[in-house]
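Down below is the structure, laid out as structure tokens.
The values are calculated or read from the model by the stated rules, or taken from the named source; none is laboratory data. Predicted, not measured: the structure shown is a model, and the values here were computed from it. Note that each Cβ is placed from the backbone with ideal geometry, even for glycine, and that neighbours are counted across all protein chains shown. We work out accessible area using only protein heavy atoms, side chains counted, and drop any ligands, DNA or RNA first. Shrake-Rupley method; radii C 1.70, N 1.55, O 1.52, S 1.80 Å.
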Amino acid sequence: MTATRLRPFGTTIFAEFSALAARTGAINLGQGFPDTDGPPEIIDAAIAALRSGRANQYAPAAGVPELRAAIAAHQHRRYGLDVDPDDGVQVTFGATEAIAATMLGLLEPGDEVLALEPYYDSYAATTAMAGASLRLVALRPPEFVLDADELARAAAGERVRMLLLNSPHNPTGRVLDAGELAAIARVCVEHDLVAVTDEVYEHLVYDGEHIPLATLPGMAQRTLTISSAGKSFSFTGWKIGWCSGPPELVAAVAAAKQFLSFAGGTPLQRAVAAGLDDAERHVAPLRATLHSARDRLCAGLRAAGYEVCVPQGGYFANADLAPLGIEDADAWCRALPGRAGVVAIPASAFYAGADTARSLVRFAFCKRPEVIDEAVERLAAIAR
Ligand SMILES: Cc1ncc(COP(=O)(O)O)c(C=O)c1O
């Protein structure tokens, strides 16, 4: 019964593999969610908002004023970006809804969206919902560096209207550098593209620096910047996200978003506003914890014989199974809960062509040290 345009996408791999973890009791290094809570102060702010008697009804469609002000202030303080808290911010149900509303609000049927491959799975599905499609530019293992010539060639396509960038990048963990971003900005200006950036891992960078594309010359007026509280504060279940940018782009997102979920999560929006006002203090310990979790997982996998691509940011590290003589990571991941009591995601889920990156596996390291150690021990046992 599912509509033709959604049929190719099935159930997301994350839901499928998290269900597998729950069914088998395996350690879940698949879906990217932390196994510890975010800052207690932000939880207290949510409880206070719930009990305030002023936060349990619909929020304004754009989001509660405190959160819009906090987002604009954060963009200015951290990146020097000028965002209008009234016309330049739209709060959404996670970055996921911001991405969907962006595609539905800005694209025409037949449009193409330039995106990096591998890519977060909702990009292809939401683009398809808008009757548009992705035009992909590869980030190749093990370094996952952008090839500026390949990007320029892809951007010359007649139907390309938008560029969708995700940095820090899921699933590779690449944090694009100033040179790569300059190449991206160049093609956006040259071909008059709208740029949409998914920056949900903006605070979780361990090597390098996160530079929002909107800060590059000529980009602020054409860039819609998406982020969310899920990864920055370890509240992935709250689903408070947002986008910010020029009013005409934000208005297009709002036009679609109002008919998707209208507005909700009012008390959580208020709590996230309090969190964002003090984002650097809240995020610094999380970043340090994740940095050491990254090192722990990568060192452990390496010692066990896996070839690891060390990520610069985000929640995930990729390992290549080919040196272990394994070419089909999808089959390996499906058997892994039974063999080793661990769940991981085949990286092929993030590629349009099933044959690409067939031997790559993505592991989440946003887990407690003892969980990572146990998972690594189990993965070592089957690699021997
Ligand atoms: C690159 C990327 N974008 C968006 C999302 C979704 O964010 P949210 O949970 O805020 O909807 C995720 C979650 O894993 C992600 O990795």
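Rolling a 1.4 angstrom probe over the protein chains, ignoring ligands and nucleic acids, what is the accessible area of Thr96 in square angstrom, nearest 10?
Estimated to the nearest 10 Å², Thr96 gives 50 Å².
Separation of the range 328-384 and the range 252-284 by C-alpha centroid, Å?
33 Å
Can you return the lysines within cross-link range of Lys231? Criterion is Cα-Cα under 17 Å, with same-chain partners fewer than 8 residues away left out.
Lys239, Lys367
Just going by the charge dipole of the range 241-369, with Lys and Arg at +1 and Asp and Glu at -1 on Cβ, which of Ala347, Ala274, Ala364 is farthest out on the positive end?
Positive-end residue among those listed: Ala274.
What residue among Gly80, Gly105, Gly32 has the largest mean-square fluctuation in a Gaussian network model of the chain, using Cα springs under 10 Å?
With Cα springs under 10 Å in the chain, the top fluctuation among Gly80, Gly105, Gly32 is at Gly80.
Report, to one decimal in Å, the Kirkwood hydrodynamic radius for the range 75-136 based on all distinct Cα pairs.
13.0 Å
Residue by residue, what Karplus-based ³J(HN,Hα) values in Hz, rounded to whole numbers, does the range 214-230 have, using 6.51, -1.76 and 1.60 with θ = phi - 60° and x for Gly and Pro?
Karplus-based 3J(HN,Hα) across the range 214-230 equals 4, 7, 7, x, x, 9, 4, 7, 10, 10, 9, 9, 10, 8, 7, 7, x Hz.
What size of dipole, in debye to the nearest 20, comes out for the range 188-301 about its Cα centre when the only charges are +1 on Lys and Arg C-beta atoms and -1 on Asp and Glu C-beta atoms?
500 debye
Which residues make up the longest stretch of the chain clear of GluC sites (Glu not before Pro) that lie in a DSSP loop with no more than 14 other Cβ atoms within 10 Å, not counting the sites?
Counting only loop sites that pass the neighbour cut-off, the longest clear stretch is 1-142.
Under a 5 Å amide H to amide H cut-off, with H placed in plane at 1.01 Å, what residues pair with Ala59 once short-range neighbours are removed?
The list, which skips near neighbours in sequence, is Gly264, Thr266.
So for the chain, averaging the separation of alpha carbon pairs under 8 Å that are six or more residues apart and normalising by length, what relative contact order in percent results?
24 percent
What is the percent of Cα-Cα separations in the chain that go past 33 Å?
For the chain, the fraction of Cα-Cα distances above 33 Å is 29 percent.
For labels at Ala288 and His76 in the simple 7 Å Cα→Cβ model, what's the distance in nm?
Between Ala288 and His76, the label points sit 3.0 nm apart.
At 7 Å along Cα-to-Cβ for each site, give me the label-to-label distance between Ala381 and Ala148 in nm.
5.0 nm
Quick one: work out the % antiparallel among DSSP beta bridges in the chain, nearest 5.
Rounded to the nearest five, the antiparallel share is 50 percent.
Charges only on Cβ, +1 for Lys and Arg, -1 for Asp and Glu: so what's the dipole of the range 1-115 about the Cα centre, in debye to the nearest 20?
Computed charge dipole of the range 1-115: roughly 360 debye.
Residues of the range 331-365 with the amide nitrogen closer than 14 Å to a label point 7 Å from the Cα of Leu324, along Cα-to-Cβ, please.
331-347, 359-364
Expressed as a whole number of Å, what is the distance separating the alpha-carbon centroids of the range 155-171 and the range 4-82?
24 Å
Per residue, what accessible area does the chain have, given a 1.4 Å probe and all protein chains present, in Å²?
41 Å²
Suppose each label sits 7 Å from its Cα in the direction of the beta carbon; what would the Glu108-Glu280 distance come out to in nanometres?
A separation of 4.5 nm, rounded to one decimal place.
Residue separation times 0.36 nm, minus the C-alpha to C-alpha distance between Thr2 and Asp35: what's the value?
8.5 nm
Helix-only estimate, please: 222 nm mean residue ellipticity of the chain, summing -39500 (n - 2.57) across DSSP H runs of length 4 or more and dividing by its residues, to the nearest 500.
Computed mean residue ellipticity for the chain: -13000 deg cm²/dmol.
In debye, nearest 20: dipole of the chain around its Cα centre with unit charges on the Cβ of K, R (+) and D, E (-)?
Charge dipole of the chain: 940 debye, to the nearest 20.
Could you calculate the contour length gain from Asp295 to Ala19, that is, 0.36 nm times the residue separation minus the distance between their Cα atoms, to one decimal place in nm?
96.6 nm
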